[in-house]
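See below for the structure under consideration.
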Amino acid sequence: MDSLKDFIVNFKYLMPALGKYKKAAQKSMLFTTIETILELIVPSIMAIIIDKAIAEKDLGLTVKLSLLMIFISLLCMYAGASATRLAATTSTGFGSNLRKISFNKIQEYGFRDLEYYGSPSLITRLTSDIQQIIFSVFMGTRFIIKTLVMAIVAVTLSVKISRNLSLIFLVLIPLLVLGIFALTTRAIPTFRQFRKEFDNLNQVVQENLANIRVVKAFVRNDYEIKKFDRQNQTMFKIIDKGAGFMSFITPISNLFMFLSIISIIYFGGKEIIGGLIGVGELMSFVTYAMMLLGAFIGISMVMMQMMMSSPGVVRVAEIIKHIPEMDESLAQEGQEVEDGSIDFDNVFFKYDKSGENFALSGVNLHIKSGETIGILGPTGSSKSTLVQLIPRLYDASSGRVKVGGRDVKTYSLEELRAKVNIVLQKNTLFSGTIAENLRWGNNEASDEEVIEAAKIAAADDFINQRDGGYNSVLGQGGVGVSGGQKQRLCIARSLLTKPKILILDNSTSAVDTKTEASITASLKKYHPDMTKIIISQRMSSFKDCDRIIVMDEGRIEGIGSHQELYATNEIYRKTYDIQEKGADE
Ligand code: ADP
Ligand code: MG
């Protein structure tokens, strides 16, 4: 029952997905009503044929009524087929809108939101959860109205034939509904669990495929297969248990069908003998009983389907209801980033809001527009965290981050991220041609601009050496170029967005020092006004930097020019000595 409540409570968040299919839904229900009424007329004609036409040996009337019955049946078929067709359009249209709404919503999510759900779960929600919901919408559109009409009309007509006989329904129908409910409510928890395990299976497969090279390199196929088998087996057990409960539904329904036929014939027979009703009437009564029970079995199925999809409804509603971490409520319309200056005023940040560990503590930092800044620090010292606050990939827990002299929150995310471009440490390309990949950040870039960006990023040469050059095709995730080449393409892609601030987070780690030097020199020459932040483990990356920031354990330990830091900062001096002098020896 809880899951039915979940379904109803959460379904209202999905309702906007009905959109233009509302008309189809209404038409489907109208046709269903017509179909049901026609279906109910047929048995009463049959009763007249038997009790009047045949009993009075009127062949003409028999033929006339039979023809009428055929005509009504055909009409009924037409109405039924139309209703089904429209219900299918409604439900699939609803599903496709729902996918679109959810997908669009996910695009608004920040990093933290995405980490909360995890991509395997988001994939299951958008695919199989929505598929379940589509089925519920179909069943709902088709059968809820049918059952209602059928119940009302069939009961009215049955009572008209015999009040006493109708009492049978009063006993049998509640019992039937109760029986089916008892079974479904036991099966439901298994469905909910199934959704969760589906996520897990997805995760196993996704992780395997995404890292297939590592798996092969470590020859861990067997291990992966075992992991998959375990998950697959878990799912089998759960669904098998659910199916065990469900397998009783048809036999129970049949049992009630037979019980009602037997009791109707028994009690009805007595009424015929007593002269209260005719044989034809008894026959139509049996038909009504079948229809009524059928309708109740139908509605139970609808409810069952709703319960089955209710975990999915809850999960999809969750996506839609979710308020993304990055709110744009403070954004001022049309506010543009005027220059590439950056300020951190006493910034603290932690990833886990309820946790105690700060990834950044008391950061104060002022970068002038057009400066080139290096960031040095051991792994885990929060270099990446620091720069991710600038384009609002995360928001500071306290303190203020400013770009162009204004709080980052006063810009729309679109404007801010267009002007602050970050080449992430874990970056990726997409399947498609190199030119498509480079234009990904800026669709309008001309061929000349694309080539210029590639030249600055020292990518032009190797692109030209490939068959097809800029039109050569990359596989999913940019398969087909080396690590260092991929990094250079990512830099070129970022440059094409024409940012005011460019952040390179270990973006040249796989590029040799000579090429790296040519990239930084080109950046300086062709983009003198752009603020550049370069995170690197290599001292050589900082050659063109105006100032260098030294980070340790989420704090800024020092900031200054090479000479200043070498004289005053121990981490800097040690790192420099190891790298430069070590290289000399
Ligand atoms: P760096 O870039 O200097 O190597 P990071 O900024 O990536 O360091 O990480 C700083 C700290 O924050 C590390 O302790 C790391 O474990 C933690 N951290 C980084 N990213 C996340 C995340 N998405 N969720 C939780 N903790 C994170
Ligand atoms: Mg990092």
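The values are calculated or read from the model by the stated rules, or taken from the named source; none is laboratory data. Worth saying up front: this structure is predicted, and the values here are computed from it rather than measured. So basically every Cβ, Gly included, is an ideal-geometry build from the backbone, and we count neighbours across all protein chains shown. Calculation scope for accessible area: heavy atoms of the full protein, side chains included, ligands and nucleic acids excluded. Shrake-Rupley method; radii C 1.70, N 1.55, O 1.52, S 1.80 Å.
Keeping every protein chain present and rolling a 1.4 Å probe, give me the accessible area per residue for the chain in Å².
Heavy-atom SASA per residue in the chain reads 51 Å².
Counting alpha carbon pairs within less than 8 Å and at least 6 residues apart, what relative contact order, in whole percent, applies to the stretch 467-546?
Relative contact order for the stretch 467-546 comes out at 30 percent.
Given K100/K409; K383/K486; K216/K514; K227/K353; K146/K237; K105/K409, which pairs have Cα atoms separated by over 25 Å? Before the final figure, lay out each step's value.
Working: K100/K409 27 Å; K383/K486 22 Å; K216/K514 33 Å; K227/K353 32 Å; K146/K237 36 Å; K105/K409 20 Å.
Pairs exceeding 25 Å: K100/K409; K216/K514; K227/K353; K146/K237.
Suppose R0 equals 41 Å. What FRET efficiency, 1/(1 + (r/R0)^6) with r the Cβ-Cβ distance, do F430 and F181 give to the nearest 0.05?
Numbers: r = 50 Å, r/R0 = 1.21.
Here the calculated transfer efficiency is 0.25.
Residue separation times 0.36 nm, minus the C-alpha to C-alpha distance between D58 and T513: what's the value? Intermediate values should be presented prior to the final figure.
Details: separation 455, 0.36 × 455 = 163.80 nm, distance 10.54 nm.
So the extension gain works out to 153.3 nm.
Lys/Arg Cβ at +1, Asp/Glu Cβ at -1, dipole of the stretch 365-452 taken about the Cα centre: which of G441, S382, L413 is farthest positive-ward?
Farthest along the dipole direction, towards plus: S382.
If you count only protein heavy atoms and use a 1.4 Å probe, how large is the accessible surface of K12, to the nearest 10 Å²?
Per-residue accessible area (K12): approximately 120 Å².
In whole angstrom, how far apart do the alpha carbon centroids of the stretch 6-50 and the stretch 350-373 sit?
Their Cα centres are 59 Å away from one another.
Ranking request for peptides 558-571, 495-508, 141-154, 394-407: highest mean number of other beta-carbon atoms within 10 Å first, then the rest in descending order. Before the final figure, lay out the partial values.
Numbers: 558-571: 15.2, 495-508: 23.7, 141-154: 20.6, 394-407: 17.4.
Per-residue Cβ counts within 10 Å, averaged per peptide and sorted highest first, yield 495-508, 141-154, 394-407, 558-571.
Using the 2.2 N^0.38 Å rule of thumb for compact globular proteins, work out how the stretch 1-153 stacks up: its C-alpha Rg over that value, please.
1.53
Before rounding to the nearest 500, sum -39500 (n - 2.57) across all DSSP H runs of length at least 4 in the chain and divide by the residue total; then give [θ] at 222 nm in deg cm²/dmol.
-21000 deg cm²/dmol
If a/c stays under 1.5 just call it rounded; otherwise compare a/b with b/c (prolate if a/b is bigger, oblate if not). Do that for the stretch 430-512, with a ≥ b ≥ c from the square roots of the Cα gyration tensor eigenvalues.
rounded
Using amide H atoms built 1.01 Å from N in the peptide plane, name the residues 5+ places from G377, or on other chains, whose amide H lies under 5 Å from its own.
Answer set, sorted by chain and number: M551.
Does a label point 7 Å from the Cα of Q563, set along Cα-to-beta-carbon, have any residues of the stretch 519-547 with amide nitrogen under 17 Å, and which are they?
Inside the label zone: 543-547.
Which lysines, on any chain, are close to K5 with Cα under 21 Å apart, when same-chain ones fewer than 8 places away are left out?
K196, K321
Pick out, from P251, G294, S310, the residue whose Cα sits farthest towards the positive end of the charge dipole of the stretch 216-364, with +1 on the Cβ of Lys and Arg and -1 on the Cβ of Asp and Glu.
Highest projection toward the positive end goes to P251.
Using a simple charge model, +1 on the beta-carbon of Lys and Arg, -1 on the beta-carbon of Asp and Glu, nothing else, what dipole does the chain show about its Cα centre, in debye to the nearest 20?
Once rounded to the nearest 20, the dipole reads 2000 debye.
Please compute the contact order of the chain in relative form: average sequence separation of alpha-carbon pairs under 8 Å and at least six residues apart, divided by the residue count, as a percent.
Value for the chain: 15 percent.
Starting from the coordinates of the alpha-carbon atoms of the stretch 342-383, obtain the Kirkwood hydrodynamic radius over all distinct pairs and give the value in Å to one decimal.
12.0 Å
Of all the accessible heavy-atom surface of the stretch 55-186, with the other protein chains kept in place and a 1.4 Å probe, what percent is carbon and sulfur? The partial results should precede the final answer.
Details: 4960 of 6890 Å².
The C+S portion of the solvent-accessible surface of the stretch 55-186 is 72 percent.
Apply the a/c threshold of 1.5 to the C-alpha gyration tensor of the stretch 378-458 and tell me whether it is rounded, prolate or oblate.
Details: a/c = 2.55, a/b = 1.66, b/c = 1.53.
Since a/c reaches 1.5 and a/b is larger than b/c, the shape of the stretch 378-458 is classed as prolate.
Taking only the alpha carbons of the chain, what extent do you get along each of the three principal axes, in Å, biggest first?
118, 50, 47
Using alpha carbon centroids, what distance separates the stretch 101-148 and the stretch 295-329, in Å?
Each part reduced to its Cα centre gives a spacing of 7 Å.
For the stretch 499-559, calculate the relative contact order in percent as a whole number, restricting contacts to Cα pairs under 8 Å that are 6 or more residues apart. Walk me through the intermediate numbers first.
Working: 57 pairs, mean separation 22.7, N = 61.
This gives 37 percent for the stretch 499-559.
In terms of Cα to Cα distance under 17 Å, which aspartates and glutamates are near enough to K52, apart from those fewer than 8 places away along the same chain?
Hits, sequence-local ones excluded: E281.
List the GluC sites (Glu not before Pro) within the stretch 356-447 that DSSP assigns to loop and that have no more than 15 neighbouring Cβ atoms inside 10 Å.
Numbers: sites: E356, E371, E414, E415, E436, E444; in loops: E356, E371, E444.
Loop-located and lightly packed - E356, E444.
Where in the stretch 1-98 are there GluC sites (Glu not before Pro) that are in a DSSP coil and have at most 12 other Cβ atoms within 10 angstrom of their Cβ?
Answer in residue order: E56.
Can you order the peptides 213-223, 337-347 by their average number of other Cβ atoms within 10 Å per residue, highest first?
Answer by packing, highest mean first, reads 337-347, 213-223.
Work out the P(r) tail for the stretch 299-390: percent of alpha carbon pairs separated by more than 17 Å, whole number.
Counting pairs separated by more than 17 Å, the tail of P(r) holds 71 percent.
Of all accessible surface on the stretch 204-315 at a 1.4 Å probe, what whole percent is carbon and sulfur?
Roughly 70 percent, rounded to a whole number.
If I fit a long axis through the Cα atoms of helix 2-14 and take the longest principal axis of the Cα atoms of the chain, what angle between them do I get, 0 to 90°, rounded to 10?
Taking the Cα atoms of the chain, the angle to 2-14 is about 60 degrees.
By the gyration tensor of its Cα atoms, with a ≥ b ≥ c the square roots of the eigenvalues, what is the shape of the stretch 1-47: rounded for a/c under 1.5, prolate for a/b over b/c, or oblate? Don't jump to the answer; show the numbers that get you there.
Values: a/c = 8.89, a/b = 1.87, b/c = 4.75.
Cα axes put the stretch 1-47 in the oblate bin.
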